[in-house]
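Worksheet: one structure, shown below.
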Amino acid sequence: MIPDFLEDELDNYSLEDFLNHIEKCKNCKEELTIQFLIDAGIQRLEDGSTFNLSDELQLTIGDAWQRLRMRKRLLKTAYFLQVIVFAELIAAFALSVALK
């Protein structure tokens with residue numbers, strides 16, 4: 001899942017599972033760090049820019065948690081709106097039956 005995480009291609013459930021797992025699993029966190037260092041480090045070396053990859057990895061993980069929270073809020077909002085639309089449809093149907 002590490003390459004998918006680094007490419008931001010994990011769905012909400014997989015992302016949450018991944019983030020929770022790397023917080024607890026030292027081996028996977030180390031592997032994530034290595035792959036991040038390789039991917040981001042090579043880019044930085046090619047660009048000639050300075051970098052602190054350890055801080056960047058922590059920012060990437062923090063951003064992933066923030067995106068996950070936002071996605072969950074959006075899903076809850078979408079669900080809430082669907083419930084409202086369904087209730088409005090029921091009310092419209094009830095009114096049309098009552099008016100006949």
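Search region 21-35 for residues that are farther than 11 Å from PHE5 by Cβ and modelled with pLDDT under 95 and pair each with any residue that is of a type in the set (Asp, Glu) and surrounded by fewer than 13 Cβ atoms within 10 Å (Cβ to Cβ) when their beta-carbon atoms are under 8 Å apart and the residues are at least 6 apart or on different chains.
That search, which allows pairs on different chains as well, returns LYS29/GLU23.
Could you tell me which of the residues LEU53, LEU57, LEU10, LEU45 is modelled with pLDDT under 95, surrounded by fewer than 16 Cβ atoms within 10 Å (Cβ to Cβ) and of a type in the set (A, V, I, L, M, F, W, C)?
Just one listed residue meets the conditions, LEU45.
Filter region 68-100 down to the residues that are charged (D, E, K, R) and touching a residue at least 40 places away in the same chain (Cβ under 8 Å), then identify the one that is farthest from ALA40 (Cα to Cα).
LYS72
Which one is surrounded by the most Cβ atoms within 10 Å (Cβ to Cβ) among residues in region 13-28 that are within 16 Å of MET70 (Cα to Cα) and among the hydrophobic types (A, V, I, L, M, F, W, C)?
Filtering region 13-28 for residues that are within 16 Å of MET70 (Cα to Cα) and among the hydrophobic types (A, V, I, L, M, F, W, C), the one surrounded by the most Cβ atoms within 10 Å (Cβ to Cβ) comes out as LEU15.
Does region 46-57 contain any residue that is out of contact with any Leu (no Cβ under 9 Å at 6 or more places or on another chain) and of a type in the set (A, V, I, L, M, F, W, C)?
Within region 46-57, none of the residues are out of contact with any Leu (no Cβ under 9 Å at 6 or more places or on another chain) and of a type in the set (A, V, I, L, M, F, W, C).
The values are calculated or read from the model by the stated rules, or taken from the named source; none is laboratory data. In this text, all values refer to a predicted model and were calculated from it rather than measured experimentally. For neighbour counting, all protein chains shown are included, and Cβ atoms are generated from backbone atoms with ideal geometry for every residue, glycine included.
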